[in-house]
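Here's a structure for you.
The values are calculated or read from the model by the stated rules, or taken from the named source; none is laboratory data. The structure displayed is predicted, hence computed values, not measured ones. Cβ: placed from backbone, ideal geometry, glycine included. Neighbour counts: every protein chain shown. Accessible surface areas use protein heavy atoms only, side chains included; no ligands, DNA or RNA. Shrake-Rupley method; radii C 1.70, N 1.55, O 1.52, S 1.80 Å.
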Amino acid sequence: PLDLANPDLSRVWRFELRMGSRQLRNRWEMRSWSDLDAMIGDAYAEFCQKLRYCIVSADRNRARWPVHELWRLVTGQIDSAMSDLRSGVLPDTVKTVNREAHKRKLDILILGLILARLAMEEESDEDSAQFMKRHATVIGALSREHPIPESERLQKAKERHLFR
């Protein structure tokens with residue numbers, strides 16, 4: 001109980017754990033309310049593992065400082081309060097799956113464009129595989145003739161399709 005006459009026995013501690021948009025969007029790939037509901041518990045669990053409130057000791061190695069009991073209470077509360085908001089999926093797994101799905105989507109788009117281009121050939125008895133091989137040289141020449149160097153265009157594409 002709080003005793004305002006004795007502040008040493010009546011301290012109130014407040015712990016605030018904040019994550020910004022970079023942490024939520026880039027690290028955890030949370031982009032919607034449903035993503036937040038599914039993974040915020042995982043994000044806070046990782047947060048509590050990477051951060052700790054310790055009891056200062058004479059040991060020069062901070063890694064050996066004991067964890068303060070208040071921090072154990074805070075992390076325990078977070079763990080129990082957010083257990084329903086955990087999926088168990090790690091951010092790297094989410095990024096890998098999203099990246100692979102994006103690559104597959106681009107491959108499907110490329111295939112559709114190649115088939116559309118082949119369909120425009122009026123007199124062609126070659127199959128799509130032959131057309132792709134032949135047309136790769138045409139696309140290479142177009143890329144070399146482009147006014148913006150390929151290295152610049154590739155760098156822009158890397159930045160656009162970056163999965164951090």
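With axes computed from alpha carbons, what is the tilt in degrees of helix 69-81 against the longest principal axis of the chain, rounded to the nearest 10 within 0 to 90?
Helix 69-81 sits roughly 50 degrees off the main axis of the chain.
May I ask you to derive the FRET efficiency for Trp13 and Arg62 from their Cβ-Cβ distance with R0 = 25 Å, giving the value to the nearest 0.05?
The formula returns an efficiency of 0.75 here.
Just want to confirm a number: the relative contact order over the chain, from Cα pairs under 8 angstrom separated by 6+ residues, in percent. Don't skip to the answer; put the middle values down first.
On the way: 87 pairs, mean separation 34.0, N = 164.
Computed over the chain, the figure is 21 percent.
Dipole size in debye (nearest 20) for the chain around its Cα centre, Lys and Arg Cβ +1, Asp and Glu Cβ -1?
840 debye
Continuing with the same structure: Report, in whole Å, the centroid distance computed from the Cα atoms of region 85-153 and region 43-80.
What the calculation gives is 48 Å, centre to centre.
Could you tell me the calculated FRET efficiency between Glu46 and Leu70, based on Cβ-Cβ distance and R0 = 22 angstrom, to the nearest 0.05?
Efficiency, from the Cβ-Cβ distance: 0.65.
Right, another one. Given the pairs Lys133/Lys156; Lys95/Lys158; Lys50/Lys95; Lys103/Lys158; Lys133/Lys158, which are separated by over 22 angstrom at their Cα positions?
Where the Cα-Cα span goes over 22 Å, the pairs concerned are Lys133/Lys156; Lys133/Lys158.
Pop out the carbon and sulfur fraction of the accessible area of the chain as a percent, whole number, probe 1.4 Å.
The value for the chain is 56 percent carbon and sulfur by accessible area.
Each residue of region 41-47 in order: what ³J(HN,Hα) in whole Hz does its phi give by Karplus 6.51 cos²θ - 1.76 cosθ + 1.60, θ = phi - 60°, with x for Gly and Pro?
For region 41-47, the Karplus-derived couplings read x, 5, 5, 5, 4, 5, 4 Hz, x marking Gly and Pro.
Would you check the accessible area of Glu150, probe 1.4 Å, heavy atoms only, in square angstrom rounded to 10?
110 Å²
Another question, if that's okay. For a protection proxy built on the mean count of beta-carbon atoms within 10 angstrom, sort 8-18, 88-98, 51-61, 34-44 highest first, please.
Working: 8-18: 8.1, 88-98: 13.5, 51-61: 10.3, 34-44: 16.9.
Descending mean neighbour count gives 34-44, 88-98, 51-61, 8-18.
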